[in-house]
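Worksheet for the structure shown next.
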Amino acid sequence: MSIKRRDFLKAAVTGSAVAALPGPAEARPNLEVPPNAVGMLYDATLCIGCKACMVGCKEANEMPVESSDVSPIWDTPMDTSGKTKNIIKVYTDGTAEVKDRETDGFSFVKRHCMHCVDPGCISVCPVTAMRKDPDTGVVTYHEEACIGCRYCVWACPYNIPKWDFEDAFGKINKCEFCNHLLAEGKLPACVDRCPTGASLFGTREEMLEEAHRRLALEPGDTYDYPRNTLDDPNRHEAVVPHYVNKVYGETQGGGTQVMVLAGVPFGKLDLPEIAERSFASVSETIQHTVYKGLIAPLALLGGLMFISRRNIEKGGTE
Amino acid sequence: MKRQRPATEPMGGNILTRPFVFLSLLVLIAVGLLLFRFVYGLGAATNLNNGYPWGLWVVLDIHITAAIGCGAYVLAVIMYIANNREFHTLLRPALIGSTFAYTLANLAAFVDIGRWWNFYQIMLPWNINLNSVMFEIAICMFLYMIVLWMELVPPVLEKFGWERFHKPYNKVLFIIVALGIVLPTMHQSGLGALIVVAGEKISPLWQTPWIGFLFLMSAIVMGFAIVLFEGALTVLGLGRRLELHLYRRLAKLGRWVLASYLVVRFADLAYRDALGGIMQNPVQGVMFCIENMLFLLPLLIMLHPRWRGNARLLFFSAICLVLAGAVLRFNALIIGYTPSAGYVYFPSVIEILVSVGLLAVEVVGFTYIVKRFPILPPRKKTIAPGSAPPASGLASHV
Ligand code: SF4
Ligand code: SF4
Ligand code: SF4
């Protein structure tokens, strides 16, 4: 709150200093969650690292396999890339004995687009090639408009969009929430393939509720974990682990539609601690303070024309 | 309306001097490598990766080149807005430098975008994203390039004896001048504001809401410096006489911008309590110190009346300031940037040679144009009596 105000004041001062004109615009608040926002909950404590979701993702999106091995036997990308939209990574520490423990333990984490509520990639794209569905909130990429400037790659707080550097006529690759499957009423492929319910699909609201329900459980008790969706009858019982008491994605950078629960601190899982105010809103507040309705630049232009005309008449052209 | 056009004339002289031929070769190599880049793609030609999607071309050939192109912008403000005409002989050479710089920066943008065949998409009204800093920069830089070309119309008219067009041109000159000030003000700050959206991926040493303002101020400082620098180069390379009194006064004006830049820079760092960032990452800390030493040292020189009067020290200051602005841009965009784990970047040979080639275009083009177009004041008045032309091949003349 006070930080917001401070940022805003700074932005306003910057803006007026640049445009030599006062009249600060309203700070642009974070964008709101869309009305029918879809959601995904990834519970790292349920993930067994089988990578079935990676295979499913490649199939559903017709992506080729990638190999980082000397002897290519499996699909082994090192990160999301021009050919990989979804990857299971692993955190290990010391002897890596116990799952979901920070010291001498390990944890899996599934990385793909978070479908931010207020996405940086959309704010930065000069040609609107990244778009957010106003209803479901799914963030899609439109190659026909993309010029390949890679600003989205550079700016995404989760390092998600990837340029295909192997292709001379490449494009951006990123998870689009299996938008084509959602349109047919199907589940995202990674959720559909997940055997343990680590990846769960529903509305963002449902996913948030379910996440908080799990955080309220007593570690050591058992819980009837759902698979695929909350109302799918195919559930399974498991012992409740020690969760880190936070739903990652509830507020980070204005919130995300893909949310994560885990047993080790999120920072260890490549999920950085990000302030609630989205970077997109900070950047756009500065932009619009300076360029609101182009009033400041036009006023500046008018003033300069007036002065230079007078000076040219008085003093000659050069 | 009286015309006080200072007489300028082509320098004349041999074009194909040895340095000219050497630099032209570098340009040719760059052209060949660019061909390679367009056929085999960014991945083959560069060391860019998905951790460092922006590299040398973005920082050196777009950001720094555009900032180096601020000479004409600074002189336009001094001459047409502050109505101070004493620097008029510097305007045309500065215009040539700026026009080359901006033309090359636009070209570099085209070379760097991965889907260059799609570049026109940025001009389609339904694609416009006014929230995108990149959009603003791209449009403003393109328009400013055109404005610069238009500012070069008078020497062309003179060269071909179309003097009768001067009058109508001078009638609209004020529009060109005003655009030539608004557009750089917008995009030079935009080039800095570009990094705001990356949030915590940029070290607090550079990530600040003021970064746009700082980029603008430092670009103005670089504009001053590059005019000095170009002046010194025409002295060394083309055997012109040094107009020290002008450069000294230019330095006197420029130091206030430089001082304000440093005040804002450190006030902001102190206010955000960000100086601790120097300790957190040694590479970033060292680069931060180099950057600011390069700004501070020239300020000390320019504040001292005797040092300011020394041509060598003045030239040295100008070099420092151009480098300072360059390091600031490298720092804010690459050194201060933390990619996701596991990525490293160092420019490839092709990236470096293309950048060298683009810089060579500037020197080669500048030399050609001052020899064939009326850019510099007549030699008679500017060669000091008895001064022998320097040994440099560029100065050999018939
Ligand atoms: S995670 Fe990155 S790519 Fe996905 S919506 Fe957010 S900003 Fe865009
Ligand atoms: S690379 Fe394409 S999608 Fe990404 S910001 Fe640039 S134009 Fe937009
Ligand atoms: S939602 Fe679809 S595209 Fe995204 S990670 Fe899952 S399977 Fe891949």
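The values are calculated or read from the model by the stated rules, or taken from the named source; none is laboratory data. Predicted model, so just to flag it, every value in this text is computed and none were measured. Every residue, glycine among them, receives a Cβ derived from its backbone with ideal geometry; neighbour counts consider all protein chains shown. Just the protein is used for accessible areas: all its heavy atoms, side chains included, with ligands, DNA and RNA removed. Shrake-Rupley method; radii C 1.70, N 1.55, O 1.52, S 1.80 Å.
Note on B:52-62: average number of Cβ atoms from other chains within 10 Å of each residue's Cβ is 2. For chain B, the longest principal axis of the alpha carbon atoms and the long axis of helix B:349-372 meet at an angle near 20°.
Rg and Dmax over the alpha-carbon atoms of chain B stand at 21.4, 66 Å. Placing dummy labels 7 Å off each Cα toward the beta-carbon, the span from A:Ala168 to A:Asp104 is 5.6 nm. Helix B:311-330 and the longest principal axis of the Cα set of chain B meet at an angle near 30°.
In the protein assembly as shown, taking the dipole from charged Cβ atoms about the Cα centre, the farthest positive-side position among A:Gln252, B:Val322, B:Phe119 is held by B:Val322.
Each of the peptides A:93-102, B:369-378 was scored by the mean count of other Cβ atoms within 10 Å over its residues; in descending order, highest first, they stand as B:369-378, A:93-102.
Pull out a ≥ b ≥ c, the square roots of the eigenvalues of the alpha-carbon gyration tensor of the range A:38-274, then state rounded if a/c is under 1.5, prolate if not and a/b is larger than b/c, and oblate in the remaining case. The shape class here is prolate. The A-B contact accounts for roughly 6600 square angstrom of buried accessible surface, both chains included, probe 1.4 angstrom. Roughly how many percent of the accessible protein surface of the protein assembly as shown is carbon and sulfur, given a 1.4 Å probe and a whole-percent answer? The value for the protein assembly as shown is 66 percent carbon and sulfur by accessible area. Surface listing: A:Glu237, B:Glu291 arranged by accessible area from highest to lowest gives A:Glu237, B:Glu291, probe 1.4 Å. The residues of the range A:111-125 occluded by other protein chains by 30 Å² or more of accessible area, set against the chain on its own, are A:Ser123; surface from heavy atoms, 1.4 Å probe.
Report, to the nearest 10°, how far helix A:204-216 tilts away from the longest principal axis of the Cα atoms in chain A, using its own Cα long axis and a range of 0 to 90°. The angle comes out at about 50 degrees. Note on B:Val344 and B:Arg241: with the Förster distance fixed at 56 Å, the Cβ-Cβ geometry gives a FRET efficiency of about 0.70.
The heavy atoms of A:His242 present about 140 square angstrom of accessible area, all protein chains included, probe 1.4 Å. Computed over chain A, relative contact order equals 25 percent, with contacts defined as Cα pairs under 8 Å that lie 6+ residues apart. Considering all C-alpha pairs of the protein assembly as shown, those separated by over 39 Å amount to 40%.
Rolling a 1.4 angstrom probe over the protein heavy atoms with all chains in place gives the protein assembly as shown an accessible area of 41 Å² per residue. Highest GNM mean-square fluctuation, chain A, Cα pairs closer than 10 Å: which of A:Asn228, A:Asn61, A:Asn86? Top of the fluctuation ranking is A:Asn61. Select from A:Pro265, A:Pro188, A:Pro35 the residue whose mean-square fluctuation is largest in a Gaussian network model of chain A (Cα-Cα springs shorter than 10 Å). In the Gaussian network model the winner is A:Pro35.
Do the alpha carbons of any pairs in A:Lys110/A:Lys132; B:Lys201/B:Lys252; A:Lys132/A:Lys162; A:Lys186/B:Lys201 sit beyond 29 Å of each other, and which pairs?
Values: A:Lys110/A:Lys132 22 Å; B:Lys201/B:Lys252 38 Å; A:Lys132/A:Lys162 18 Å; A:Lys186/B:Lys201 36 Å.
Exceeds cut-off: B:Lys201/B:Lys252; A:Lys186/B:Lys201.
Residue by residue along A:280-290, Cβ atoms of other protein chains within 10 Å of the local Cβ number 6 on average. With 40 Å² as the minimum drop in accessible area between chain alone and full protein complex (1.4 Å probe), the qualifying residues in the range B:186-235 are B:Met186, B:Val196, B:Val197, B:Glu200, B:Lys201, B:Pro209, B:Trp210, B:Phe213.
Measuring with a 1.4 angstrom probe and ignoring ligands and nucleic acids, B:Phe142 comes out at about 90 Å² accessible. Mean per-residue shielding of peptide B:169-181 is 5, counting Cβ atoms of other chains within 10 Å of each Cβ. Exposure check, 1.4 Å probe, all protein chains in place: B:Leu28 carries approximately 110 Å² of accessible surface.
The accessible-area ordering, largest first, of the residues A:Asp43, A:Asp224 stands as A:Asp224, A:Asp43, per a 1.4 angstrom probe.
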